[in-house]
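Novice: Take a look at the following structure, please.
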Amino acid sequence: MPVENSGLAVLSDQLVLVTVLLYVFAMIGYALDLGFGRPRSRARAAGTEAGADAGTEVPADAVLATVGGGTAPPAGGTTGPVEAVEAVEAAGRDATAGKEPPSWASRAGTVAVALTWLGWAAHLSAILTRGISVNRWPWGNMYEFVVAMCLAAVAAFLFMDLRYRVRFLGAFVTVAAALGLGFSVKYLEVQAGPVVPALNSYWIAIHVSAAIIASGLFTVAGVCGILYLVRKDTALRLPSLEDLDRIAHRAIVISFPIWTFAVIAGALWADKAWGRYWGWDPKEVWAFITWIAYAAYLHARATAGFKGRAAMIVQLIAFACLLFNLVGVNVFIGGLHSYAEVPG
Amino acid sequence: MSETERTGRAGVAVETPSPAGQKPAVRPASFGAVAWARWFWRTLTSMRTALILLFLFALASIPGSLWPQRGIADARVAQYFRDDPGLAEWLDRFWLFDVFRAPWFAAIYLLLFISLIGCVLPRAAVHLRELRRKPPAPPRNLVRLPHHASFDAGLTVEEAAARLRGRRYRVTTGPGWVSAEKGYLRETGNLLFHVSLVGILVAVAMGALYGYRGNVLVVEGEGFSNTVAAYDRYIPGQQVNAESLEPFSFTVDDFQATYIAQGERRGQPLDYSARLKVTDAPGAAERDYDLKVNEPLDVNGTLTYLIDHGYAPTFKVTDGKGQVAYDGPVPCLVAQPSTFTSECTIKVPDAQPQQLGILMGFLPSGVPMGGEWVSVFPGAANPLAQVYGVFAGDLGLGNGQPQSVYQLDPESLKKMKPLVMKAGEPPAGQKPDLPGGAGAPVTQAEPLAVGQKLDLPGGAGSIEFTGVKEWVALQITHDPGRMPALVFSALAVLGLVLSLTVRRRRVWVRVKNEAVATGEPDRSAPGLRHIEVGGLTRTEGGDFGEEFAEVIAALNPGVKDAR
Ligand code: HEM
């Protein structure tokens, strides 16, 4: 039967604390970058309406090279918005050389990214050591599930940063992850141990992993959504509305099918474990509601009149349903899901 | 859906797809029944109505998660009725304990699916036509398009068309132009998704009509054969023929539960397993099967699940005439799952001269604690049977009223004579109204260990605790809709992914006969033509820019990276 290795379990607990510290330090770095670095929004406003607008702020050749106006250099007009922004930003740096922000600010941002990667590594190790210490998949209860979901959120952020340059989100994602971890250590932690027989199945790897990955991505989108709604138009240092909208949409487009898969895998597991594939168990009901709400967001965003704020609100309602399913259903309602083990 | 939504006017929610030839539902001015019917049908099948119904469907399922539901949590429903009968009755009037069987819930999903079908069929027709239609001719000014480029190259219309075809565009050509379109899979995926949703509903309905589910409790050593009569509870679908149950049978040889023995999690179950001997059909060879949680027994699509277990101590009851009136296992209800402290009821209708009713507690790992005996572990380390009460009299079995096998009928119990009572307070719910006066019962404090015997006072006989068996609760289900539901769900996901990721995009190429001097004209290459390329996506998001650059590179290999 399971070999419990308490040394590793203790190490795992300590690694979680290390992770929280690293995320908090990273958050400070991101905040310095946001606060004292280049204001993002002005450069952004220039970048989106490429061409004419951008021309007012940056040297004309920079615009043409990247965005391709009517004069058509070879195969112009082919850049995606992101690259355009980068180029415009680069150009903007030169153009506004006079009021160059302190260089330590952007270095703080770089350090913050490094710290986030480090924290993520510690986070991952914490989960691995816990899994190894009890010889099973390390998501057998609420504590483990929330810790893994935070890992997925940070991972989503880091990988999106590699592709789309979303460093401006760093402060908010790390703070969300640190809070999530703190919350689970304080209120949810249970001693590492084997799971009840119902959870002893390969489906845990499929169903729960999918739920975790989707939840992590949804969290990044949720962070974008909250920022979107609280952001004032004058707050030039915060990420722009278009950025937030774009990142949230990307995250959800990726995670929605994963979520769908998680629900279907859940149904397959339920067919094996509970003798029916769908039985309107509270968790099933809320998974379904969450699914509909995210589908509503995707539709709303595609509908002319609902773009922007309204779509974001729908997205946040969906995120609230997700969190309710995760915490509320386990704590207030209960049901067949036996992982809802929380300390009494 | 997105195609039409996107073309909709700003501020207008989703409308009926106009390509379907349906006008937006305008309320008829005159009062013809046909006009009203048409208006109703159009409104019902508009995408907006479908979406609203979808949200309603989600909203309507919320009460089903807030109040306990019959068939899922019957005990908690009963609790509701006990705690606040007035409120519970009102809730019940609105079907709030049966949300998923409520007429208003059914109304929502039936309307939803009619709406989906009415919406999807015309769109499928439009899509089919569109699949056969050629991409449209280019607009006058390609340079105005969101993505455009121009260059001089030795490219002909035919070559441009071939290269675009090579990139899997659907291509048509005209004098001096090529028109190419790609991404029809978006709408295909979308339709697939919606059709699959309808398919899922049909599969679920099929399961409800042609499937059945039943429960049965089996003690180690006993058997079960799949006939309606063998079930403790049997819930057939409306179309199920009792003759058509899969004719398999099995015996439960042994049940094993393992628990954590030490530490903070002492007593937590680790594994359950029931060893079965299965006969798939009459006359077939017997096979062994290890039935576990998560590993149901499958006999041609009829599944047997291990859903619960408990103890069934065995007793031998000898009556006042010296005859063995009962000898066998008594399945006990689990009163406390963490220690498996259980409550057992033995009814001995055959006892002479009077029937006997016996109430017992079963402690799998009994230890004395503060003058009481309690169980401290769910495994049967020190099984003890604690007599709560032995009663003589009429069990009331003959009066035609159905009785629970797990409890003595309280009405009859009042009239029975207590022979033995446990010292101290009997457990809640099992306290009989004792007739006072003469013949006070003998008190019994010590529990019985296996092999021990309790002699009843006044020569009424004896009870011997002979051993410990376990029972398993099994659920047996047959749901012919399982596989179709799975297939349609998989198709729904596929359709969804397609409709979310594929973009409909168009590329036009115009080939002018002569090169137009741009910057440095290259007269050294004769046959050079001026090429204009424009592209657009009909759905936003994504990086069409990258793909457009690749198209340019394919059309004009001279330029390595179009950027
Ligand atoms: C979408 C929201 C859902 C989430 C976040 C979720 C998450 C989880 C988690 C964390 C576990 C426990 C694994 C563990 O503790 O290690 C689990 C188990 C399980 N889930 Fe879900 N689940 C969801 C929806 C569903 C649905 C819709 C179904 C069925 C249709 C389902 C069926 C199951 C089954 C059968 C188990 C294992 C048995 C058990 O916990 O007793 N889940 N799920």
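Each value in this text was obtained by applying a stated rule to the coordinates, not by laboratory testing. These figures come from a predicted structure and were not determined experimentally. Neighbour counts run over all protein chains shown; Cβ positions are idealised from the backbone, glycine included.
Novice: Work out which chymotrypsin sites (Phe, Trp or Tyr not before Pro) in chain B are exposed loop sites (DSSP not H, G, I, E or B, at most 13 other Cβ within 10 Å) and give the longest gap free of them.
Specialist: B:95-405
Novice: For chain B, just give the cysteines left without a disulfide-compatible partner, judged by no other Cys Cβ under 4.7 Å.
Specialist: So far as the 4.7 Å Cβ criterion goes, B:Cys119 stand without a partner in chain B.
Novice: I've got another one for you. Among A:Glu189, B:Glu286, B:Glu532, what is the fewest-to-most ranking by other Cβ atoms within 10 Å?
Specialist: B:Glu286, A:Glu189, B:Glu532
Novice: Starting with the fewest neighbours, write out B:Lys469, B:Lys512 ranked by other beta-carbon atoms found within 10 Å of each beta-carbon.
Specialist: B:Lys512, B:Lys469
Novice: Taking every alpha carbon pair in segment A:136-332, what does the distance histogram look like in 5 angstrom bins from 0, in percent?
Specialist: Per 5 Å bin, starting at zero, the Cα-Cα P(r) for segment A:136-332 comes out as 1, 8, 15, 19, 20, 16, 10, 6, 3, 1, 0, 0 percent.
Novice: Another one. Report the normalised scattering of segment B:196-304 as log10 I(q)/I(0) at q = 0.15, 0.20, 0.21 Å⁻¹, calculated by the Debye formula with identical scatterers on the alpha carbons.
Specialist: Cα-only, vacuum Debye calculation for segment B:196-304: -0.78, -1.09, -1.15.
Novice: Consider just the alpha-carbon atoms of chain B and return their Rg together with their Dmax, both in angstrom.
Specialist: When restricted to Cα atoms, chain B yields Rg and Dmax of 37.7, 130 Å.
Novice: For helix B:74-83, what angle does its Cα long axis make with the longest principal axis of chain B, in degrees from 0 to 90 and rounded to 10?
Specialist: Here the helix axis deviates by roughly 70 degrees.
Novice: Nearest 10 degrees, 0 to 90: what angle lies between the long axis of helix B:544-555 and the longest principal axis of chain B (Cα atoms)?
Specialist: Helix B:544-555 and the main axis of chain B meet at about 50 degrees.
Novice: For B:Gly461, list long-range residues whose amide hydrogen, built 1.01 Å from N in the peptide plane, is under 5 Å from its own amide hydrogen.
Specialist: B:Leu456
Novice: Please report the relative contact order for chain B, taking Cα pairs under 8 Å with a sequence separation of at least 6, and give it as a percent rounded to a whole number.
Specialist: Once normalised by length, the contact order is 17 percent.
Novice: Okay, moving on. In whole percent, what relative contact order does segment B:36-126 give with Cα contacts below 8 Å and a gap of six or more residues?
Specialist: Relative contact order of segment B:36-126: 42 percent.
Novice: Using only Cα atoms and rounding to the nearest 10 degrees, what angle (0 to 90) does helix B:157-166 make with the longest principal axis of chain B?
Specialist: On a 0 to 90 degree scale, this one is about 10.
Novice: Measure up A:Lys283/B:Lys182; B:Lys316/B:Lys414; A:Lys272/B:Lys347; B:Lys277/B:Lys316 against 30 Å on the Cα-Cα distance and list the ones that go over.
Specialist: A:Lys283/B:Lys182; A:Lys272/B:Lys347
Novice: I've got another one for you. Could you state the number of Å between the C-alpha centres of segment B:147-176 and segment A:131-187?
Specialist: Centre-to-centre (Cα) distance: 48 Å.
Novice: A follow-up question, please. Excluding residues on the same chain fewer than 8 positions from A:Lys232, give the lysines whose Cα lies under 29 Å from its Cα.
Specialist: Reachable lysines: A:Lys99, A:Lys307.
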